[in-house]
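Since every read-out is calculated from the coordinates, none of them should be taken as a lab result. Everything numeric here is computed off the predicted structure, so don't read it as measured data. With ideal geometry, Cβ positions are generated from the backbone for all residues, glycine too; neighbour counts draw on all protein chains shown.
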Amino acid sequence: MILDGASSEAIARAAQALARGELVAFPTETVYGLGADASRDEAVARIFDAKGRPRDHPLIVHVCDAPIVAQFASDVPAVAKRLMDAFWPGPLTLILPRRAGVAEGAAGGHPTVGVRCPAHPVAHALLVACAALDPPVPGLAGPSANRFGRVSPTTALHVEEEFGSGLLVLDGGPCRVGIESTIVDVSRGAPVLLRPGMLPLDELEAACGERLLLPHEVAGPRTAAAGTLEAHYAPRAKLRLMDAKMLQTALDLLGEDAPNIAVYARAPLRPRSHRIRLRRMPDSAAETARQLFAVLREFDAQGVQLIWVEPPPEASEWDGVRDRLRRAAAS
């Protein structure tokens with residue numbers, strides 16, 4: 001059931017449903033999340049069941065403001081506070097040491113917990129309403145509202161297509177950012193970039209006051225975090241990354257008898273078959289991120305068998321888009 005997220009009645013209804021241990025989908029600036037009370041493991045278990053997600057793959061906890069983080073984290077180091085000051089509310093998740101006995105289900109049993117404060121007004125209103133309940137719901141576990149490993153939803157209709165009309169969905173319009181949050185691990189002494197998003201690397205490092213490390217530069221086991229599996233974000237059709245020259249050569253070889261293929265590219269390609277579904281990738285990284293998952297869902301809805309995508313430029317502002325496409329192709 002899709003409700004208008006701008007309605008105070010809808011927000012109150014959603015908060016009460018979450019307090020009863022039910023699931024509610026809500027918009028953030030990145031993608032739509034599938035929410036449950038992060039402090040109740042039995043409620044969080046419903047997320048894993050609905051998504052078909054492994055129980056040891058952690059979820060991100062959403063909070064309405066920075067002070068609530070202390071209810072989930074045993075320590076908030078200075079670098080985490082600087083990042084919160086610079087980017088919260090916004091599309092940044094921080095991995096912190098988890099308080100013992102708190103949000104164990106949401107953390108997948110790991111000793112750390114991912115926390116973020118979303119900037120979307122509907123998400124903020126919902127989180128404030130939840131925190132004001134008696135007893136309060138201090139945070140919402142909220143992975144992307146889709147089946148595990150598949151394309152994330154960026155509209156309320158996408159969520160309903162995934163889970164049907166029985167799920168309460170707050171509609172906040174299309175997501176502004178369009179891909180998931182940047183994830184920085186601040187639990188290991190030095191900040192580590194676990195997943196790029198749309199926050200500029202130089203701004204992140206300026207806020208940290210030091211260089212962000214990459215996972216392979218850190219000794220010991222990798223920190224478990226949402227959305228960091230090698231294969232993820234995949235459409236039903238097989239996605240393949242191909243440079244512009246390879247794309248044009250493949251289109252020439254296919255000729256008029258081309259199978260049902262979609263192409264997403266910046267280069268000016270010339271398909272010989274009318275059956276090819278050609279969609280131009282924007283020149284802007286931000287606009288590509290905003291539309292990426294919607295485009296992949298559109299191709300799936302058209303029943304294509306293959307999706308050929310021109311790799312984004314190597315510039316750092318494209319890191320988040322390139323990461324999502326690489327993981328989608330690995331599936």
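Figure legend: label point modelled 7 angstrom from the Cα of Ala190 along Cα→Cβ; residues of the range 90-110 with amide N under 20 Å from it are 94-97. Bridging of Lys238 to aspartates and glutamates at a Cα separation below 12 Å is possible for Asp300, once same-chain residues fewer than 8 apart are set aside.
With both labels modelled 7 Å from their Cα along Cα-to-Cβ, the Arg222 to Gln16 distance reads 4.4 nm. Couplings 3J(HN,Hα) of the range 198-213, computed from phi: 9, 7, x, 4, 5, 6, 4, 5, 5, 5, 5, x, 6, 6, 7, 7 Hz, in residue order, whole Hz [Karplus 6.51 cos²θ - 1.76 cosθ + 1.60, θ = phi - 60°; x for Gly and Pro].
Quick one: net charge around Arg195, please, counting Lys, Arg +1 and Asp, Glu -1 for every other residue with C-beta under 11 Å from its C-beta. All intermediate terms of the calculation are to be shown ahead of the outcome.
Values: positive: Arg324, Arg327; negative: Glu180, Asp185, Asp319, Asp323.
With Lys, Arg at +1 and Asp, Glu at -1, the net is -2.
Could you derive backbone 3J(HN,Hα) for the range 155-163 from the dihedral phi with the Karplus parameters 6.51, -1.76 and 1.60 (θ = phi - 60°), listing whole Hz in sequence and x where the residue is Gly or Pro? Those phi angles translate into 9, 5, 5, 4, 5, 5, 5, 6, 10 Hz. Amide H to amide H, with H built 1.01 Å from N, Gly33 comes under 5 Å of Phe26, Thr28, Ala145, counting only residues 5 or more places away or on other chains.
For Gly173, the residues whose modelled amide H falls within less than 5 Å of its own, excluding neighbours fewer than 5 places apart on the same chain, are Ala156. Annotation for the range 43-73 versus the range 83-117: alpha-carbon center distance of 9 Å.
Computed over the chain with a Gaussian network model linking Cα atoms closer than 10 Å, the most mobile of Ala315, Ala17, Ala50 is Ala315. Neighbour counts of C-beta atoms inside 10 Å place Glu230, Glu310 in the sequence Glu230, Glu310, starting with the fewest.
Remark: relative contact order (the chain) = 20 percent; criterion is Cα-Cα distance under 8 angstrom and separation of 6 or more residues.
Tell me which trypsin sites (Lys or Arg not before Pro) from the range 2-50 have a DSSP coil assignment and no more than 10 other beta carbons within 10 Å of their own.
Answer in residue order: Arg20.
Treating the angle as unsigned and between 0 and 90°, give the value, to the nearest 10°, between the Cα long axis of helix 319-330 and the longest Cα principal axis of the chain. Approximately 70 degrees, to the nearest 10. Ser284 sits among other residues whose Cβ lies under 10 Å from its own Cβ, and their net charge, with Lys and Arg +1 and Asp and Glu -1, is -2. The angle between the Cα long axis of helix 285-301 and the main principal axis of the chain comes to about 70°, on a 0 to 90 degree scale.
Each label point was placed 7 Å from the Cα along the Cα-to-Cβ direction; for Arg270 and Val128 their separation is 5.7 nm.
With R₀ fixed at 41 Å, the C-beta to C-beta distance from Leu254 to Glu230 puts the FRET efficiency at about 0.90. With the dipole of the chain worked out from charges on the C-beta (+1 for Lys and Arg, -1 for Asp and Glu) around the Cα centre, which of Met281, Gly320, Pro136 lies farthest toward the positive end? Toward the positive end, the furthest listed residue is Met281. Taking other C-beta atoms within 10 angstrom as a stand-in for reagent exposure, Tyr233, Tyr264, Tyr32 fall in the order Tyr264, Tyr233, Tyr32, fewest first.
Taking the fewest neighbouring Cβ atoms within 10 Å as the starting point, the ordered list for Met198, Met242 is Met242, Met198.
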